[in-house]
1. Would you call THR39 among the polar types (S, T, N, Q), closer than 23 Å to GLU161 by Cβ and at pLDDT below 90?
2. Would you please list the contacts, defined by Cβ atoms under 6 Å and residues six or more apart or on different chains, that run from a residue in the range 34-62 that is on the phi > 0 side of the Ramachandran plot to a residue that is surrounded by fewer than 22 Cβ atoms within 10 Å (Cβ to Cβ) and not acidic (Asp, Glu)?
3. Do we find a residue being small (Gly, Ala, Ser), touching a Lys or Arg at 6+ places or on another chain (Cβ under 8 Å) and in contact (Cβ under 8 Å) with a residue 12 or more places away in the chain anywhere in the range 76-84?
4. Could you tell me which numbered condition PHE82 fails, if it satisfies all but one of (1) open to solvent by less than 50 Å² (accessible area, probe 1.4 Å); (2) closer than 19 Å to GLY47 by Cβ; (3) under 15 Å from the mean Cα position of the chain (by Cα)?
5. Looking at the structure I just gave you, is PHE152 open to solvent by 100 Å² or more (accessible area, probe 1.4 Å), without any contact (Cβ under 8 Å) to a residue 60 or more places away in the chain and touching a Phe, Trp or Tyr at 6+ places or on another chain (Cβ under 8 Å)?
6. Suppose we filter the range 17-33 for residues that are in contact (Cβ under 8 Å) with a residue 24 or more places away in the chain and closer than 15 Å to TYR66 by Cα; how many remain?
7. If I ask for residues that are hydrophobic (A, V, I, L, M, F, W, C) and buried (at least 16 other Cβ atoms within 10 Å of the Cβ), which ones from the range 23-40 would you list?
8. Taking the condition free of Cβ contacts under 8 Å to residues at least 12 places away in the same chain, of a type in the set (Phe, Trp, Tyr) and open to solvent by 30 Å² or more (accessible area, probe 1.4 Å), does TYR92 pass?
Amino acid sequence: MKRLILNLLLVFLAFTVQNGVFPLLPFLTATPNLLLILTFSFGFIYGREAGMWYGLLAGILLDLFYSGPFGFYTLLFIHVGFFNGIFTRYYYEDYITLPLILSFVNELVYNLYIYVFRFLIRNRLDILYYTREIIIPETICTIVTTLLIYRFFLFTNRRLEEMENRRN
């Protein structure tokens, strides 16, 4: 129960920081996608079902915050949680290479999804500009942030498991 409450607080905190704090920082040209990092981490560590539930929560928060068709982000984040949950069998606590690769792939999929359904459909075809100005900086920023957040997430997960084992 503590784990669920902490994870929900992490999602709400990530949403608040991503959409309330990062836009106010003028020196950030690109911001990390904290909700994407948490969704893929939950899926990667806890499995497909948990990844889908946390993806549903993150997607609904983004759909409520941004305009556009409802379910746009929810659909993407549910799939991110599900597909990263497939890699649960390769999960090792000290193994950081696979989470970084997954972070890179997820960020590319996220940005291409945004490009296709927000820009390409409206006949904005300059993908080189979009790649140079948005995809590359956000991908680098998200991968660097993944190093920090994923380690913190592993640390809290390990502590919660120790607390649960002591209680049992």
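The values are calculated or read from the model by the stated rules, or taken from the named source; none is laboratory data. On a predicted model such as this, the values are computed, not experimentally measured, just so you know. Every residue, glycine as well, gets a Cβ built from its backbone with ideal geometry; the counts of neighbours run over all protein chains shown. Ligands, DNA and RNA are stripped out before the accessible areas are found, and what is left, the full protein with its side chains, is counted by its heavy atoms. Shrake-Rupley method; radii C 1.70, N 1.55, O 1.52, S 1.80 Å.
1. Against the criterion (among the polar types (S, T, N, Q), closer than 23 Å to GLU161 by Cβ and at pLDDT below 90), THR39 does not qualify.
2. GLY47/THR88
3. Step one: list which residues in the range 76-84 are small (Gly, Ala, Ser), which gives 81.
With the extra rule that they be touching a Lys or Arg at 6+ places or on another chain (Cβ under 8 Å), the set shrinks to 81.
Then keep just the ones that are in contact (Cβ under 8 Å) with a residue 12 or more places away in the chain; that gives 81.
Yes, there is a match, as at least one residue in the range 76-84 is small (Gly, Ala, Ser), touching a Lys or Arg at 6+ places or on another chain (Cβ under 8 Å) and in contact (Cβ under 8 Å) with a residue 12 or more places away in the chain.
4. (1)
5. In short, no.
6. So the answer is 2.
7. Hits for the range 23-40 are ALA30, LEU34, LEU35, LEU36, ILE37, LEU38, PHE40.
8. Numbers: free of Cβ contacts under 8 Å to residues at least 12 places away in the same chain: yes; of a type in the set (Phe, Trp, Tyr): yes; open to solvent by 30 Å² or more (accessible area, probe 1.4 Å): yes.
When the stated conditions are applied, TYR92 passes them.
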